[in-house]
Amino acid sequence: MSVARLSITTLTDNGERLSDEVELYQRTYSTLLRSSGETRLRVLESSHRAMRSSLHSLAASEQIDLGAFLYAVARLPEAIAGARRVVMGQSVDSLAADGIDVTSWPEVESPARRRRWYVGPDGTLAVLIASSSDVDDLVPTLVAYQIEWNKMHLRLAGAGGRLRERPEPEHCAQLLGGSDDDWRRLEEAWAAHFAQRLELVAARHLSLRVRMLGGSNAGYARMTRRWWAPIQAELRHLAPPHATAAKGEPDSAATGQRASSGGHAPLYFVSSNTHSLVNIATGVARDREEQLVDFVESLPAEDVLREELERFRAGESEGSWENFLYFAARQWFGARGAQGVAERSQAEGVYGVRHLRSSAALRVSAQLIPLATLSVHSLDPRLGEVDGDALAASRAQIVNIDYPLGVAAYNILREVAIDAASLRGVYVLGKAATLNADVGDVLISSVVHDEHSRSTYWLDNAFSVEDLAADLRFGTGLDNQRAVTVKSTFLQNRAYLDFYYREAFTVVEMEAGPFLNAVYELADPDRYPVGEAVNFSKLPIDLGIIHYASDTPYTQARTLGARGLSYYGMDSTYASSLAILRRILKLEGIIA
């Protein structure tokens, strides 16, 4: 591995000049949040509008930007509608130290961001933040929500009682502007509260206040250590008996003793999601094929799964039967609520998989997958021919985490690396915006520029299109791409994106840079560099990074705020997950 000052460093200098408004906005709320008192969110509205965010392009217009509002609604809890102030803290203890005891407050969540929110009296909401990236994400989201709420408030005030009589999406579009589809999505988001929420918008001008408690790097590191401690303990508990037996010592299995430490068991770290890797590693969905088909047959005729089943039966489907079963299983288990979740967890436990939910502010769940407890018959057949003896003898374990947000990725991998001396591989599978491809495509980068450290990493990525092309049915695979890790989805504008595109950076995401900062510290005695170009040519671990396209920011309507990936979009996720697990099995000598 080498570090050098190359011409690529000029990227950041030019990028900063192009995004002065973005930098000003971030600097404004960062300094305001240092105050010991509350800050009215409205003081940030002018700099938010001036930024001309690509995600909130109509912020400065009188026209309602339902795309940005929907994006914010999905990332805030329902209780935000009645809130008057939002207090951010790093832990329950830090909140309590300032007289805010949330232990008796109801805990709530948002649909699309994993954070712990607490609903208190007098319109107070408290939220736990896991890194500085949470601040960069949350504050602009709150500002966008307030701006669009107040636009609708003015429109509704002018509409009088006409909307109260007919609170349907089509009528909202006629009176207030926006498309019928966007209003239908908002109706889905607010569900049974849609009409009531519109009345609240009409009656109330929103003026939120925000306050930050703590926010130190030491606090974030302490929180990450609390998150990792139970995972570390479970790894030691699950360690294969022969993983720690020194040469010449009796195997712990022979003496009835469990190994005391998993330190010598090979460890593979994966940041992806909580469904795809475990589906292809266990036979839970395929074991229930008949039940899942019956379930799909009970769905309405127009349901996408029901239609796809008919295409399979007619020999007309281009998709994968395994992916179809995985998608159906998710709905089948999910339809039965907590009972379904418990049943699935128990079924996966038969194959040795352990699920650990986070109790810390860092809302990142983890799965532990010891390879030796898997079955040759449980593995997805697309992985290849498996050596059953090698699988049963493997000491390796996989730690799969639900991908974190921004700088939390650095904190997590650094903590894992400190504890796991036998870390063999790091693999990242995440969502990204694409400037040159389409939603559902797979993007494999060989260069990553990180806006946090302002360093650029040149990778020998473990993956190429060849590793997943056979399993990619609906999307396209693109390798040799260049990615930029941004600080927030809102902290981008058109000039900013245009600049990166001209420099051939086509992948816009939020985690790869922080992960690579941590990887640097695995291989070098120094802390990760700032403003440098780094060649990751020789690393002590295997490294692979894959993204699937979830947004096309040049077309505002094609964002996850406006649409999901759906059944066909998951094709890219499973093709990528197969590539990751296949890579691990090859490194362990389990498949050729």
I'm checking my understanding of the structure. Among residues of region 488-513 that are touching a residue at least 40 places away in the same chain (Cβ under 8 Å), out of contact with any helix residue (DSSP H, G or I) (no Cβ under 6 Å at 6 or more places or on another chain) and among the aliphatic types (A, V, I, L, M), which one is surrounded by the fewest Cβ atoms within 10 Å (Cβ to Cβ)? 497
Close pairs (7 angstrom Cβ cut-off, 6 or more residues apart or separate chains): closer than 26 Å to residue 265 by Cα in region 212-241, assigned to a helix (DSSP H, G or I) and modelled with pLDDT of 85 or more anywhere: 221/411; 224/411; 224/412; 224/415; 225/415; 228/415; 228/416; 240/372
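Could you pull out the residue among 184, 166, 209 that is touching a residue at least 40 places away in the same chain (Cβ under 8 Å) and basic (Lys, Arg)? Can you show your working first?
Working: 184 fails: touching a residue at least 40 places away in the same chain (Cβ under 8 Å); 166 fails: touching a residue at least 40 places away in the same chain (Cβ under 8 Å).
Among 184, 166, 209, only 209 is touching a residue at least 40 places away in the same chain (Cβ under 8 Å) and basic (Lys, Arg).
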Which of the following residues is hydrophobic (A, V, I, L, M, F, W, C) and either within 29 Å of residue 155 (Cα to Cα) or in contact with an Asp or Glu (Cβ under 8 Å, 6 or more places away or on another chain) (or both): 126, 96, 130, 112? 112
For region 37-93, enumerate the residues that are among the hydroxyl-bearing types (Ser, Thr, Tyr), surrounded by 20 or more Cβ atoms within 10 Å (Cβ to Cβ) and either in contact with a Pro (Cβ under 7 Å, 6 or more places away or on another chain) or assigned to a helix (DSSP H, G or I) (or both). 54, 71
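Given 549, 557, 575, 562, which one is at pLDDT below 95 and crowded, with 24+ Cβ neighbours inside 10 Å? Please lay out each step first, then the result.
Numbers: 557 fails: crowded, with 24+ Cβ neighbours inside 10 Å; 575 fails: at pLDDT below 95; 562 fails: crowded, with 24+ Cβ neighbours inside 10 Å.
Just a single option satisfies the conditions, and that option is 549.
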Which of (1) under 23 Å from residue 511 (Cβ atoms); (2) surrounded by 17 or more Cβ atoms within 10 Å (Cβ to Cβ) does residue 156 not meet, given it meets every other one? (1)
Residue under evaluation residue 341, criteria (1) farther than 30 Å from residue 221 by Cβ; (2) crowded, with 19+ Cβ neighbours inside 10 Å; (3) within 21 Å of the chain's Cα centre (by Cα); (4) of a type in the set (A, V, I, L, M, F, W, C), criterion not met: (2)
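Give the residue, chosen from 126, 96, that is without any contact (Cβ under 8 Å) to a residue 12 or more places away in the chain and under 26 Å from residue 405 (Cα atoms).
Working: 126 fails: without any contact (Cβ under 8 Å) to a residue 12 or more places away in the chain.
Going through 126, 96 in turn, just one is without any contact (Cβ under 8 Å) to a residue 12 or more places away in the chain and under 26 Å from residue 405 (Cα atoms): 96.
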Please determine, by comparing only the residues of region 360-372 that are part of a strand (DSSP E or B) and either touching an Asp or Glu at 6+ places or on another chain (Cβ under 8 Å) or at pLDDT below 95 (or both), which one is nearest to residue 284 (Cα to Cα). 368
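Would you pick out the residues in region 140-154 that are of a type in the set (Val, Ile, Thr) and over 18 Å from the mean Cα position of the chain (by Cα)? Give the steps one after another, and end with the answer.
Let us first name the residues in region 140-154 that are of a type in the set (Val, Ile, Thr), namely 141, 143, 147.
Listed by number, the residues that qualify are 143, 147.
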Within region 417-451, track down each residue that is among the β-branched types (Val, Ile, Thr) and closer than 18 Å to residue 584 by Cα. 426, 428, 444
So, of the residues in region 223-255 that are at pLDDT 90 or above and not hydrophobic (A, V, I, L, M, F, W, C), which turns out to be surrounded by the most Cβ atoms within 10 Å (Cβ to Cβ)? 224
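Among the candidates 418, 444, 398, 412, single out the residue that is within 21 Å of residue 130 (Cα to Cα), β-branched (Val, Ile, Thr) and touching a strand residue (DSSP E or B) at 6+ places or on another chain (Cβ under 8 Å).
Values: 418 fails: touching a strand residue (DSSP E or B) at 6+ places or on another chain (Cβ under 8 Å); 444 fails: within 21 Å of residue 130 (Cα to Cα); 398 fails: within 21 Å of residue 130 (Cα to Cα).
Among 418, 444, 398, 412, only 412 is within 21 Å of residue 130 (Cα to Cα), β-branched (Val, Ile, Thr) and touching a strand residue (DSSP E or B) at 6+ places or on another chain (Cβ under 8 Å).
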Out of all the residues in region 107-117, is one or more over 26 Å from residue 44 (Cβ atoms), assigned to a helix (DSSP H, G or I) and either within 27 Å of the chain's Cα centre (by Cα) or without any contact (Cβ under 8 Å) to a residue 40 or more places away in the chain (or both)? no
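Take residue 485 and decide whether it is at pLDDT 95 or above, polar (S, T, N, Q), under 15 Å from residue 432 (Cβ atoms) and crowded, with 22+ Cβ neighbours inside 10 Å. Even if it seems obvious, please write down each step before you answer.
On the way: at pLDDT 95 or above: yes; polar (S, T, N, Q): yes; under 15 Å from residue 432 (Cβ atoms): yes; crowded, with 22+ Cβ neighbours inside 10 Å: yes.
Taking the combined requirement at face value, the residue satisfies it.
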Among the residues of region 181-196, is any crowded, with 16+ Cβ neighbours inside 10 Å and farther than 20 Å from residue 75 by Cβ? no
In region 261-359, which helices (runs of 4 or more DSSP H) lie fully inside it and hold 1 or more residues that are without any contact (Cβ under 8 Å) to a residue 24 or more places away in the chain and out of contact with any Pro (no Cβ under 7 Å at 6 or more places or on another chain)? 289-297, 304-313, 321-334, 337-349
Counting just the residues of region 310-327 that are among the acidic types (Asp, Glu) and exposed (fewer than 13 other Cβ atoms within 10 Å of the Cβ), which one comes out modelled with the lowest pLDDT? 318
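Among what's in region 443-463 and is among the small types (Gly, Ala, Ser) and buried (at least 20 other Cβ atoms within 10 Å of the Cβ), pick the residue that is nearest to the chain's Cα centre (by Cα). Before the answer, list the steps.
Going through region 443-463, the residues among the small types (Gly, Ala, Ser) turn out to be 445-446, 453, 455, 462.
When the remaining residues are screened for being buried (at least 20 other Cβ atoms within 10 Å of the Cβ), the result is 445, 453, 455, 462.
Numbers: 445: 18, 453: 20, 455: 22, 462: 21 Å.
Only one residue tops the list, namely 445.
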If we only count strands (runs of 3 or more DSSP E) wholly inside region 417-529, which ones have 2 or more residues that are closer than 23 Å to residue 569 by Cα and among the charged types (D, E, K, R)? 477-485
Whichever residue in region 424-442 is within 12 Å of residue 463 (Cβ to Cβ) and not aromatic (Phe, Trp, Tyr) and, among such residues, is surrounded by the fewest Cβ atoms within 10 Å (Cβ to Cβ): 425
Within region 182-196, the count of residues that are modelled with pLDDT under 90 and more than 18 Å from residue 81 (Cβ to Cβ) comes to 0
Out of the residues in region 262-285 meeting the condition of being surrounded by fewer than 20 Cβ atoms within 10 Å (Cβ to Cβ) and either farther than 16 Å from residue 401 by Cβ or modelled with pLDDT of 95 or more (or both), tell me which one is farthest from the chain's Cα centre (by Cα). 264
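The values are calculated or read from the model by the stated rules, or taken from the named source; none is laboratory data. Everything numeric here is computed off the predicted structure, so don't read it as measured data. A quick note on method: Cβ atoms are made from the backbone with ideal geometry, for glycine too, and the neighbour counts reach across all protein chains shown.
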